[in-house]
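The values are calculated or read from the model by the stated rules, or taken from the named source; none is laboratory data. Bear in mind the structure is a predicted one, so any value in this text is a computation, not a measurement. Glycine also receives a Cβ, built like all others from the backbone with ideal geometry; neighbour counts cover every protein chain displayed.
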Amino acid sequence: MTGYKYLAFCLLTILTLLSCTRSSTVSPVNVTSRDIAIKGYDPVAYFIDQRPIKGNPAFEYLWKGAKWRFATAAHRKQFKADPEKYAPRYGGYCAYAVSQGKIVDIDPEAWTIFEGRLYLNVSKDVRRLWEQDREGYIRKADENWPRMIEEKRRI
């Protein structure tokens, strides 16, 4: 990225983060208005099919107060056996934003599996930024996330 494209990218990233929700309103799982996690995408599909696949309401499972949807009964069974293995980090919020102490929604198409964990981002551009220092951002997000959830519990 060079010149105006890079400047536009940086500006978009800053505006996205400035418009995000403060951590005091964090719900442990990023859900739609109908309590559906990760916009209805199958978390197991990222690992098994290596791509995002929309889940089917017929294969739904309630976990952590959210409705998780799966493309197949087999995927639902795998998730039920070990939800922590398949659920995205940071409740399915944008991993980069959590590293900045913010809450931002995600684009299910902007994803990464790193060291056996699923990370989602707000956009593919932000995912590219996040990947420039993935370990550093994960370290910061790991520090921020428990505090962000704790703030919610105290409210």
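Couple of notes before you dig in:
- Every pair of residues 6+ apart whose Cβ atoms lie under 8 Å, when the first sits in the stretch 48-61 and is closer than 21 Å to Gly116 by Cβ while the second is among the polar types (S, T, N, Q): Ile48/Gln78
- When we screen Tyr93, Tyr41 for residues that are of a type in the set (Phe, Trp, Tyr) and within 18 Å of Ile149 (Cβ to Cβ), the only hit is Tyr93.
Condition check ((1) under 23 Å from Phe70 (Cβ atoms); (2) aromatic (Phe, Trp, Tyr); (3) in contact with a helix residue (DSSP H, G or I) (Cβ under 6 Å, 6 or more places away or on another chain)) across all residues:
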{"position": "Tyr96", "(1), (2), (3)": "no, yes, yes"}
{"position": "Glu109", "(1), (2), (3)": "yes, no, no"}
{"position": "Thr112", "(1), (2), (3)": "yes, no, no"}
{"position": "Tyr119", "(1), (2), (3)": "yes, yes, yes"}
{"position": "Asp125", "(1), (2), (3)": "no, no, yes"}
{"position": "Glu131", "(1), (2), (3)": "no, no, no"}
{"position": "Glu143", "(1), (2), (3)": "no, no, no"}
{"position": "Pro146", "(1), (2), (3)": "no, no, no"}
{"position": "Glu150", "(1), (2), (3)": "no, no, no"}
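- Cβ-Cβ contacts under 8 Å between residues 6 or more apart (or on different chains), taken from a first residue in the stretch 82-93 that is closer than 14 Å to Pro108 by Cβ and hydrophobic (A, V, I, L, M, F, W, C) to a second residue that is in a helix (DSSP H, G or I) and modelled with pLDDT of 95 or more, are listed as Ala87/Pro43; Ala87/Phe79.
- Selection from the stretch 63-93 of residues that are in a strand (DSSP E or B) and surrounded by fewer than 18 Cβ atoms within 10 Å (Cβ to Cβ): Trp63
- Count - residues of the stretch 108-130 that are under 15 Å from Ala97 (Cβ atoms), outside any strand (DSSP E or B) and not acidic (Asp, Glu): 8
- Members of the stretch 132-155 that are part of a helix (DSSP H, G or I) and at pLDDT below 95: Pro146, Arg147, Met148, Ile149, Glu150, Glu151, Lys152, Arg153, Arg154
- The one condition from (1) farther than 18 Å from Ile138 by Cβ; (2) crowded, with 18+ Cβ neighbours inside 10 Å; (3) polar (S, T, N, Q) that Asn30 does not meet is (1).
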